[in-house]
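Below you'll find the structure, written out as structure tokens, and then a few comments.
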Amino acid sequence: ENIVGFIKQYYLSTFDIPREIVVQDKIVAQSDINSWIEALGRKIPKIIVPRIGDKKKNLDLCIKNSNLQLQRILSKKKRRKEFVSKMVTALQNDLVMDVPPRRIEGFDNSNLQGTYAVSSMVCFIDGQPRKGEYRKFKIKEVKGIDDFAMIKEVVSRRYKRVLKEKLPLPDLILIDGGKGQLNFAVTELSKLQLDHIPVIGLAKEFEVIHRPGKEPLCLGLDDNVLKLLQRIRDESHR
């Protein structure tokens with residue numbers, strides 16, 4: 001059934017219908033293909049299950065190549081997963097966190113020509129952007145340019161909604177800015193009784209990681225943890 005479904009899906013996207021479709025096992029009924037192709041008004045291909053000859057050799061070669069390609073893809077995914085796992089663990093160690101920061105939400109403010117104030121939130125899970133969970137906020141309560149008050153507003157709005165709708169809470173919150181922006185975010189989270197969520201600030205100047213009640217953390221510019229935080233910060237700014 002899966003093979004039939006694949007054949008239908010694949011040949012719906014092309015007008016190049018072959019005279020023959022070669023399959024490994026007799027699991028595709030000719031009648032299934034006939035009725036479907038006839039409904040499309042196209043030429044009916046013949047389903048072949050070769051046992052010997054050139055077609056059998058070509059089929060075996062296709063299967064071998066497909067298996068090799070699949071192994072390469074799975075190996076690449078495994079290496080990527082291992083790398084992400086190490087990076088998340090390294091971030092947890094550097095920030096002395098109780099849990100791995102698998103879900104990170106990052107905030108950035110923007111003032112377009114000093115009049116249209118907006119803020120954005122991005123979400124990274126296991127070191128990768130989850131764009132379906134990005135959010136934009138049009139600033140409602142702050143008049144003029146006030147970066148601190150904007151952070152206060154969007155953090156409050158975001159996590160009031162998270163609590164109300166019982167959405168997943170982040171393991172780490174990243175604020176684009178220094179101690180001032182960070183302190184406003186921490187205050188709002190405390191009001192919502194979410195002060196157990198770690199919050200850090202990362203300003204472009206000197207790329208220092210600010211932490212509540214702790215000394216700023218300086219990492220080498222080639223450090224993978226800093227690169228991940230920079231990527232999240234830059235993505236929220238973008």
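Scanning region 198-220 for residues that are in a loop (DSSP other than H, G, I, E, B), closer than 12 Å to Gly178 by Cα and in contact (Cβ under 8 Å) with a residue 60 or more places away in the chain returns a single hit, Arg211.
Of Asp171, Asp223, Asp195, all but one fail to be within 23 Å of Thr89 (Cα to Cα) and touching a residue at least 12 places away in the same chain (Cβ under 8 Å); the exception is Asp171. Does Ile73 satisfy the condition of being touching a residue at least 12 places away in the same chain (Cβ under 8 Å) and either in a helix (DSSP H, G or I) or at positive phi (or both)? It is false that Ile73 is touching a residue at least 12 places away in the same chain (Cβ under 8 Å) and either in a helix (DSSP H, G or I) or at positive phi (or both). Would you confirm whether or not region 159-173 contains a residue that is in a strand (DSSP E or B), at pLDDT 95 or above and open to solvent by less than 10 Å² (accessible area, probe 1.4 Å)? Yes. Quick one: in region 111-149, of everything that is modelled with pLDDT under 90, assigned to a helix (DSSP H, G or I) and not charged (D, E, K, R), which residue is most open to solvent (accessible area, probe 1.4 Å)? Per the criteria, the residue is Phe148.
Within region 67-110, restricting attention to residues that are open to solvent by 80 Å² or more (accessible area, probe 1.4 Å) and within 15 Å of the chain's Cα centre (by Cα), the residue that is modelled with the highest pLDDT is Arg102.
Determine whether Leu229 is of a type outside the set (D, E, K, R), out of contact with any Pro (no Cβ under 6 Å at 6 or more places or on another chain) and modelled with pLDDT of 90 or more. Spelling it out, Leu229 is indeed of a type outside the set (D, E, K, R), out of contact with any Pro (no Cβ under 6 Å at 6 or more places or on another chain) and modelled with pLDDT of 90 or more.
Only residues that are open to solvent by 20 Å² or more (accessible area, probe 1.4 Å) and modelled with pLDDT of 95 or more were counted in region 194-203, giving 1.
Within region 15-28, the residues that satisfy the criterion of being open to solvent by 40 Å² or more (accessible area, probe 1.4 Å) and closer than 15 Å to Val4 by Cα are Glu20, Val22, Gln24, Asp25, Lys26, Ile27.
For region 102-109, indicate whether the set of residues that are without any contact (Cβ under 8 Å) to a residue 40 or more places away in the chain, more than 30 Å from Glu141 (Cα to Cα) and among the basic types (Lys, Arg) is non-empty. Checking region 102-109: not a single residue is without any contact (Cβ under 8 Å) to a residue 40 or more places away in the chain, more than 30 Å from Glu141 (Cα to Cα) and among the basic types (Lys, Arg). Within region 15-34, residues that are part of a strand (DSSP E or B) sit with their Cβ atoms under 6 Å from residues that are open to solvent by 60 Å² or more (accessible area, probe 1.4 Å), at 6+ positions apart or across chains, in these pairs: Glu20/Lys46; Val22/Lys55. Reported count of residues in region 1-14, each being in a loop (DSSP other than H, G, I, E, B) and either within 16 Å of Lys43 (Cα to Cα) or not charged (D, E, K, R) (or both), is 2.
In region 210-238, which residues are over 23 Å from the mean Cα position of the chain (by Cα), aliphatic (A, V, I, L, M) and open to solvent by less than 50 Å² (accessible area, probe 1.4 Å)? Leu217, Leu219 - these are the residues of region 210-238 that are over 23 Å from the mean Cα position of the chain (by Cα), aliphatic (A, V, I, L, M) and open to solvent by less than 50 Å² (accessible area, probe 1.4 Å). Any idea how many residues of region 174-189 are assigned to a loop (DSSP other than H, G, I, E, B), surrounded by 21 or more Cβ atoms within 10 Å (Cβ to Cβ) and out of contact with any Asp or Glu (no Cβ under 6 Å at 6 or more places or on another chain)? Residues in region 174-189 being assigned to a loop (DSSP other than H, G, I, E, B), surrounded by 21 or more Cβ atoms within 10 Å (Cβ to Cβ) and out of contact with any Asp or Glu (no Cβ under 6 Å at 6 or more places or on another chain): 1 in total.
The values are calculated or read from the model by the stated rules, or taken from the named source; none is laboratory data. This structure is a prediction, so every number in the text was calculated from the model and none was measured. Heads up, the Cβs are rebuilt from the backbone with ideal geometry, glycines too, and the neighbour counts pull from every protein chain shown. Areas reflect the complete protein model, heavy atoms only, side chains present, ligands, DNA and RNA absent. Shrake-Rupley method; radii C 1.70, N 1.55, O 1.52, S 1.80 Å.
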